[in-house]
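Shown next, in structure tokens, is the structure this report addresses.
The values are calculated or read from the model by the stated rules, or taken from the named source; none is laboratory data. No experiment lies behind these values; they were computed from the predicted model shown. All Cβ positions, even for glycine, are placed from backbone atoms using ideal geometry, and neighbour counts span all protein chains on display. Accessible surface areas use protein heavy atoms only, side chains included; no ligands, DNA or RNA. Shrake-Rupley method; radii C 1.70, N 1.55, O 1.52, S 1.80 Å.
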Amino acid sequence: MRLHTAPDHGVVGAVATAISEVGGIVTGIDVAESSHERLVVDVTCSAADAEHAERLQEAAAAVPGVTVHKTSDRVFLLHIGGKIEVSSKVPLRNRDDLSMAYTPGVGRVSLALAEHPEDVRRLTVKGNSVAVVTDGSAVLGLGNIGPGAALPVMEGKAALFKRFADIDAWPICLDSQDTDEIVRAVQLIAPGFGGINLEDIAAPRCFEIERRLRETLDIPVFHDDQHGTAIVVLAALTNALRVVGKDLGSIRAVVSGAGAAGSAIVTLMLAAGVEDVVVYDRFGCLSRHDETLPPAQRELAGRTNPRDVRGDLRAALDGADVFIGVSAPGVLDASWIPDMAQDPVVFALANPDPEVDPAEAAKHAAVVASGRSDYPNQINNVLAFPGVFRGLLDARATDVTVEMMLRAAEAIAGVVTDDQLNPSFIIPSVFHPDVPTAVATAIREG
């Protein structure tokens, strides 16, 4: 906060006290200007959230003789001008450099690629580039906020690609939510990229977009909200079952949410050997005998619920070993967890507010995971997508297969050693240096 105060240095102490009294933590106070008429004081402080920050401003403004001139949020400051940039990998110091990097030298390379298109990945950025494509229809937990508002998220994704796998990724925010237009737009830009990462596109549209692009493109197409989530969930589940002494083939699992993430999680769990999965969403427990289900749910029901469980989520949980939530806040009452099997596993992954409070779930469950960073066992897609694309690009792959995703999940799970494994540590940190390499190797070498 930049404050204008009376020319009394005692006001500075009063401001610090006022901020502390409402729970703020003052980390710096600087007098930017001093005159006989006023002081200009910069106060830096930490707040718990945006609402708390407002209270801190109000507390400072309530000090006699103080006016809050302006405030800055460090998150917004970080975003000024965007989070990514393009830089040259080659020096451009003189005419000789220009003649090779651009005309006339570049013309020789272009003619060579016209004659040998198989060399495009080797001689251009295509071999290390990914398009991060969204229509802004399902951004984080914020909903359909549009392509412009989605851009900071796509920039962040591109920054993660670079940080964790040294991949050059580009945010592509499309001003359309028409399936045909999105498919065609991606097809048109595909020659410049080695892979397509679909991001924050709502279900069920995302399913058709991915299917059609995979059928028509010769580069891998990966919808991170589906497959990235599924890979990390399977890795975490594998290790959670190691903790409780159960195996994938013998468990009964309940997945809450039949959207993009839920569908992909179920698909990968079935491929990994889980035989009994019940999917619950707003239609109740999905059953293959329910003719009223929409097409996406009917397809999912046809592959799950072998015992034909009907009813609400509590009915589905009776005797279940595992709950995986990718749905909505508060749908799971912690008091239902004791009705599950012995040593239940609960993954409450709705963000930012999970299906059940992780602290409450931990009173009854043997292992608890969430999508939050302030609790143990955060399920975070950053563990998967950088290494997945690093492996795909290195292998010059044309597709992403279920077998690749199973290997990626196994690689992530394997980073946690037997000595490290415990109920509060079933998944490695996103900053663990071995994760991207292990995943890339699993994808590339199979």
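Could you list, in sequence order, the residues of region 314-323 that are closer than 16 Å to Asp276 by Cβ, out of contact with any Cys (no Cβ under 9 Å at 6 or more places or on another chain) and surrounded by fewer than 19 Cβ atoms within 10 Å (Cβ to Cβ)?
Initial filter on region 314-323 (closer than 16 Å to Asp276 by Cβ): 315-323.
Cutting the leftovers down to out of contact with any Cys (no Cβ under 9 Å at 6 or more places or on another chain) gives us 317-323.
Matches in region 314-323: Asp318, Gly319.
Screening Trp170 on (1) in contact with a His (Cβ under 9 Å, 6 or more places away or on another chain); (2) hydrophobic (A, V, I, L, M, F, W, C); (3) not in a helix (DSSP H, G or I) shows it passes everything except condition (1).
For region 379-388, give me each residue that is open to solvent by 10 Å² or more (accessible area, probe 1.4 Å) and not aliphatic (A, V, I, L, M).
Listed by number, the residues that qualify are Asn380, Asn381.
Does Val326 satisfy the condition of being open to solvent by less than 30 Å² (accessible area, probe 1.4 Å) and within 26 Å of the chain's Cα centre (by Cα)? So Val326 does not fit the description; no. Out of curiosity, is Thr124 among the β-branched types (Val, Ile, Thr) and buried (at least 16 other Cβ atoms within 10 Å of the Cβ)? Spelling it out, Thr124 is indeed among the β-branched types (Val, Ile, Thr) and buried (at least 16 other Cβ atoms within 10 Å of the Cβ).
For first residues located in region 93-119 and closer than 22 Å to Phe193 by Cβ, partners that are among the aliphatic types (A, V, I, L, M) and open to solvent by 50 Å² or more (accessible area, probe 1.4 Å) and lie 6+ apart or on another chain with Cβ distances below 8 Å form the pairs Ala101/Val90; Ala101/Leu92; Val106/Met100; Val109/Leu123; Ala112/Leu123; Leu113/Leu123.
Pairs linking a residue in region 17-34 that is farther than 14 Å from Ala62 by Cβ to a residue that is open to solvent by 50 Å² or more (accessible area, probe 1.4 Å) and polar (S, T, N, Q), with Cβ atoms under 7 Å and 6 or more positions apart or on different chains, are Ile25/Ser46; Val26/Ser20; Thr27/Thr44; Thr27/Ser46; Gly28/Thr44.
Results for (1) farther than 20 Å from Ala158 by Cα; (2) crowded, with 18+ Cβ neighbours inside 10 Å; (3) in contact with a Lys or Arg (Cβ under 9 Å, 6 or more places away or on another chain), shown as yes or no for each residue.
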{"residue": "Ala362", "(1), (2), (3)": "yes, yes, no"}
{"residue": "Ala369", "(1), (2), (3)": "yes, yes, no"}
{"residue": "Asn377", "(1), (2), (3)": "yes, yes, no"}
{"residue": "Arg390", "(1), (2), (3)": "no, yes, yes"}
{"residue": "Val402", "(1), (2), (3)": "yes, no, no"}
{"residue": "Met405", "(1), (2), (3)": "yes, yes, no"}
{"residue": "Ser424", "(1), (2), (3)": "yes, no, no"}
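Listed here are the residues, each with its yes/no results for (1) part of a helix (DSSP H, G or I); (2) open to solvent by 30 Å² or more (accessible area, probe 1.4 Å); (3) in contact (Cβ under 8 Å) with a residue 12 or more places away in the chain.
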| site | (1), (2), (3) |
| --- | --- |
| Ile201 | no, no, yes |
| Glu210 | yes, no, yes |
| His227 | yes, no, yes |
| Ala258 | no, no, yes |
| His289 | no, yes, yes |
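Leu300 fails exactly one of the following numbered conditions: (1) part of a loop (DSSP other than H, G, I, E, B); (2) in contact (Cβ under 8 Å) with a residue 40 or more places away in the chain; (3) of a type in the set (A, V, I, L, M, F, W, C); (4) over 18 Å from Ile251 (Cα atoms). What is the number of that condition? Among (1) part of a loop (DSSP other than H, G, I, E, B); (2) in contact (Cβ under 8 Å) with a residue 40 or more places away in the chain; (3) of a type in the set (A, V, I, L, M, F, W, C); (4) over 18 Å from Ile251 (Cα atoms), Leu300 violates only (1).
Residues checked against (1) within 30 Å of Pro433 (Cβ to Cβ); (2) of a type outside the set (D, E, K, R):
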| site | (1), (2) |
| --- | --- |
| Pro147 | no, yes |
| Arg184 | no, no |
| Gly195 | yes, yes |
| Arg211 | no, no |
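Of all residues in region 329-350, those satisfying the criterion of being farther than 23 Å from Phe283 by Cβ, open to solvent by 20 Å² or more (accessible area, probe 1.4 Å) and assigned to a loop (DSSP other than H, G, I, E, B) are Ala341, Gln342, Asp343.
Residues of region 32-54 that are within 42 Å of the chain's Cα centre (by Cα) and loosely packed, with under 13 Cβ neighbours inside 10 Å: Ala32, Ala48, Asp49, Ala50, Glu51, Glu54.
Evaluating Ile412 against the criteria (1) open to solvent by 10 Å² or more (accessible area, probe 1.4 Å); (2) closer than 21 Å to Gly325 by Cβ leaves one unmet condition, (1). Scanning region 258-301 for residues that are at positive phi and at pLDDT below 95 yields a single hit, Gly284. Restrict the check to region 67-77 and report whether at least one residue is within 36 Å of the chain's Cα centre (by Cα), aliphatic (A, V, I, L, M) and farther than 30 Å from Lys162 by Cα. So far as region 67-77 goes, no, none of its residues is within 36 Å of the chain's Cα centre (by Cα), aliphatic (A, V, I, L, M) and farther than 30 Å from Lys162 by Cα. Ala149 meets the conditions (1) in a helix (DSSP H, G or I); (2) touching a residue at least 24 places away in the same chain (Cβ under 8 Å) in every case but one. The failed one is (2).
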